[in-house]
Amino acid sequence: MTYKISGGKVISNDMITEKNVYIEDNKIIAVTNDELPFDKEIDAAGLFVAPGFIDMHVHGGGGFDFIDEEDGAVEKAVEFHLAHGTTAIYPTVLAAEFDDMKWALSNIREVMKKYPQIMGVHMEGPYFSLEYKGAQPEKCITNPIKEQYEYLLENYPGVVKKWSYAPELPGSLEFLECLKKHGVVASAGHTSATYDQMKPAIDNGLTMITHLFSCTSTITREKGFRKLGVIETAFLEDDVIAELIADGKHLPLELLRMTYKLKGADKLCLVTDALRGAGLPDGEKTFVGSKEKGVPCIIEDGVAKLMDRSAFGGSIATTDRLLRTAISAGISLADGVKMLTKTPARAMGLKTKGELKAGYDADIVIFDNDINVKHVISMGNLVK
């Protein structure tokens, strides 16, 4: 089956042009003004045609979490985000007891066989700073435990793709070496690290910072002497790529715009960090993690708050909402799309995703001027 997506404004390679996109089976075969043979046409006149969105940090959605033991929970969370344009997703497993982490990886590995949208797992913890744990469960936070992380990396090859951890912890450099050995992207997150602690990790292979400004250290003073934190490291180290939760709540628009101005779209990835509460209305109760062991939150004002309203527990965003927020912050549509497609694809080593070009996977999202998703194509299949 050959599809022709006709008449749309194609967003690719930092440009917006009116072209036709042809896909056959699960690949893009041409992006051109030429007329080629096709079997079925999708009329995109007046709409934007972009690469499918990539979310490398997301816990769940539609009422389901990726660590739920309920049958079909992973599938339903993937399908919820797919409808919003997320065609490549990294289910995120937060800090948990070791047996729970093993179970989650085993379960997601099975679902990966049926859902090509799942690129692998992002492990968010449990090797974090207690000071910057956020809504992560305190009882599970620990320094790196060699027997545990070696077991997970060796027994789930190709499943764990990214791991967020605090580089200042004892044993963190040995942990980083193990991540490199297994081809896992290393990201600094939930960390109180200073620049002097971040730099050795960066020099030895750490490439990312998890949800910059959220649970990441900033400038401190010791007897009058200032030390840079993780936030300043992100701006100082040009090659480091940073996540941003661009839901319009975790970061004010001015901070989003400033970060974009200083880092640029090539070094920023927009992520939802969505909890199971994504898609649920205000007033609903949700959880960071499982319903049985997780931290309860309340959905209010478009975000998940801790029950005492003292802080955010997490996001309820979708990737289309991230793009709307970026545009509201003054970021161009083309760069907003890049931070959801090309940049995360490069950060995660996805060679055939993130752009609309011949030979790339047929992952495509079609939306209107208000970023309302009209059609989603995943690996050549029209799913919306």
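The numbers here are math on the coordinates, done by the rules we state, and not lab data. Given the structure is predicted, the values throughout are model-derived calculations rather than measurements. Methodologically, a virtual Cβ is constructed for each residue, glycine included, from the backbone with ideal geometry; neighbour enumeration extends over all protein chains shown.
For this structure, a couple of remarks:
- Averaging over all projection directions, the Cα-based convex hull of the range 138-291 occupies 11.5 nm² in the image plane.
- Estimated FRET transfer efficiency (residue 292, residue 35; beta-carbon r; R0 41 Å; 0.05): 0.10
- Considering only 12, 47, 88, the residue lying farthest towards the positive end of the dipole of the chain is 12, judged by Cα position with unit charges set on Cβ.
- Comparing 327, 241, 316 in a Gaussian network model of the chain (Cα springs below 10 Å), the most mobile by mean-square fluctuation is 327.
- Nearest 10 degrees, 0 to 90: helix 253-263 Cα axis against the chain principal axis: 90
- The range 159-304, relative contact order [Cα under 8 Å, separation at least 6], %: 15
- Inter-label distance for residue 97 and residue 301, nm, one decimal - labels placed 7 Å from Cα along Cα-to-Cβ: 3.5
- Dipole magnitude for the chain: about 600 debye, using +1 per Lys or Arg Cβ and -1 per Asp or Glu Cβ, origin at the Cα centre.
- All C-alpha to C-alpha distances of the range 279-328, sorted into 5 Å bins beginning at zero, yield P(r) values of 5, 22, 27, 21, 15, 8, 2, 0 percent in whole numbers.
- Using a Förster distance of 22 Å, the FRET efficiency for residue 143-residue 106 (Cβ separation, nearest 0.05): 0.35
- Taking the longest Cα principal axis of the chain as reference, the axis of helix 146-155 is set at about 20 degrees.
- Dipole of the chain, positive end: most advanced residue of 248, 157, 30 [Cβ charges, Cα centre]: 248
- In terms of distances greater than 18 angstrom between alpha carbons, the cross-link table entries 263/342; 249/291; 102/161 yield 249/291.
- A straight line joining the Cα centroids of the range 62-133 and the range 210-229 runs 30 Å.
- Mean projected area (nm²) of the alpha-carbon convex hull when the range 289-367 is viewed from all directions: 7.7
- Under a model in which nothing but the beta-carbon of Lys, Arg (+1) and Asp, Glu (-1) is charged, the range 119-206 shows a dipole of about 240 debye around its Cα centre.
- Residues 225, 213, sorted so that the one with the fewest Cβ neighbours within 10 Å comes first: 225, 213
- Mean sequence separation of contacting Cα pairs (under 8 Å, at least six apart), scaled by the length of the chain, corresponds to a relative contact order of 20 percent.
- Dipole of the range 298-384, positive direction: furthest Cα of 313, 333, 364, with charges on the beta-carbon: 364
- Projecting label points 7 angstrom from Cα along Cα→Cβ for residue 223 and residue 285 puts them 5.1 nm apart.
- Ratio Rg/Rh, restricted to the chain and using Cα atoms, in which Rh is the Kirkwood radius: 0.97
- The 3J(HN,Hα) values that the Karplus relation (6.51, -1.76, 1.60; θ = phi - 60°) gives for the range 101-117 are, in residue order, 5, 4, 4, 4, 5, 4, 5, 5, 4, 5, 5, 4, 5, 9, 10, x, 5 Hz. Gly and Pro appear as x.
- Between residue 15 and residue 374, the distance separating the two model label sites (each 7 Å from Cα on the Cα→Cβ line) works out to 2.3 nm.
- Fully extending the segment from residue 236 to residue 203 would add 10.5 nm, taking 0.36 nm per residue of separation and subtracting the current Cα-Cα distance.
- With Cα atoms, 0 to 90° folded angle of helix 73-82 axis to the chain main axis: 50
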